[in-house]
C-alpha cells in the first residue's frame, strides 16, 4: 500500500514509522531483524531503508595504497523485499542522485516494481566525503526533482529509451525531503521552499522532514509550505540525541539548531547513558506535542538501533 493511502486510511490518527540503514558488507541481516523486532508492536505501516552512495577506500597492496571506489552498505532493495516478506509491512527504499546513473535508477525502479514495492524516497544525497560540494555522477541526476520526474515518467510507461503501452505500469508513491531549518546549501528558507514546491509539482506525494529539536520550527515550516501551495502531507522526522558529541556533530553536519534547554541538560550528564535518557525524554515531549497537533506520521531516525526508539514509542503510542 502507498504511504499516502496509509495516511488516508488512518483517518487523522498519527502513525508510527522509522528508518533503518543496511548493514555493512559482511554483516548478517539478522542484526537488522533484532533491531526491527522490538518496534513491530507499534504497528508501523511502513519502514524506510536508506541507500548509501559510493565512497573511496584505500587498500594496502605491498606498501602502496590503492584507491578504490566502493559502496559500503549495498542491498537496499533486497532488504526492503526481505522486510516486506518477513513482517508483511510496506517498505520505502531511498533512491539517490549521488552515485547512480539514470539507467541504474531505472533498473532499481523496475526491480522495486517487480517486487511489489510501491513507495520510494527520492533524494539528491550528500557529497562524497572527499568533495566539498555535491557533484553528480556522469549520466546521473543533479537534483532530486530529476529523480521525481523520472519516477513519474515510469509511472506513465515512459522509460529512458522507449515508451511502453501497458496497463501494468508502475505506480510509485514518491516521498521527498523537506528542511524546517532549510537545506544547508540553500541561500534562504524561502528559496528552499520554492525548490520543494517544484518537487511536489513534479509529482512528489509527501514530504519527510530533516530532524529538528524545536517543534516550532516544524510548525512554522508547515505553515510556510501551505502558504506556498504545498498541500501534500508533511511528516516530521525525529532523531533522539544519544551521545554528547551529537551537540557538535548534528549542527555541523545538518546545519540545525539545538535548543539551549536541551544543550544544558546534555552538558549536565556525566555519561552517555544519561545523555541517551535525556534524548528519549526530549523526543517523547516533542512527539506528544506533534501528535496532539495532528501530524500524519511520526517518523524516527533509528539508524539501526531500536532500544531508544522503543522507549520513545512506549511514551507516545
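The values are calculated or read from the model by the stated rules, or taken from the named source; none is laboratory data. Since this is a predicted model, take the numbers as computed values, not measurements. A quick note on method: Cβ atoms are made from the backbone with ideal geometry, for glycine too, and the neighbour counts reach across all protein chains shown.
Among the residues of segment 157-176, what is the count of those that are free of Cβ contacts under 8 Å to residues at least 60 places away in the same chain, surrounded by 15 or more Cβ atoms within 10 Å (Cβ to Cβ) and more than 15 Å from residue 113 (Cβ to Cβ)? Adding up the residues that qualify gives 1. All conditions but one from (1) more than 22 Å from residue 96 (Cβ to Cβ); (2) in contact with a helix residue (DSSP H, G or I) (Cβ under 7 Å, 6 or more places away or on another chain) apply to residue 209; the one that does not is (1). Looking at the structure I just gave you, is residue 5 within 28 Å of residue 127 (Cα to Cα) and at pLDDT 95 or above? So residue 5 does not fit the description; no.
Among the residues of segment 283-305, the ones that are over 12 Å from residue 235 (Cβ atoms) and crowded, with 21+ Cβ neighbours inside 10 Å come to 4 in all. If the condition is being part of a loop (DSSP other than H, G, I, E, B) and either over 13 Å from residue 208 (Cβ atoms) or more than 19 Å from the chain's Cα centre (by Cα) (or both), then segment 224-249 contributes 228, 229, 230, 231, 240, 241, 242, 243, 244, 245. The numbered conditions (1) closer than 27 Å to residue 195 by Cα; (2) surrounded by 14 or more Cβ atoms within 10 Å (Cβ to Cβ) are all true for residue 227 except (2). Scanning segment 278-317 for residues that are under 27 Å from residue 22 (Cβ atoms) and without any contact (Cβ under 8 Å) to a residue 12 or more places away in the chain returns a single hit, 314. Residues in segment 122-134 include at least one that is within 17 Å of residue 155 (Cα to Cα), touching a strand residue (DSSP E or B) at 6+ places or on another chain (Cβ under 8 Å) and touching a residue at least 24 places away in the same chain (Cβ under 8 Å).
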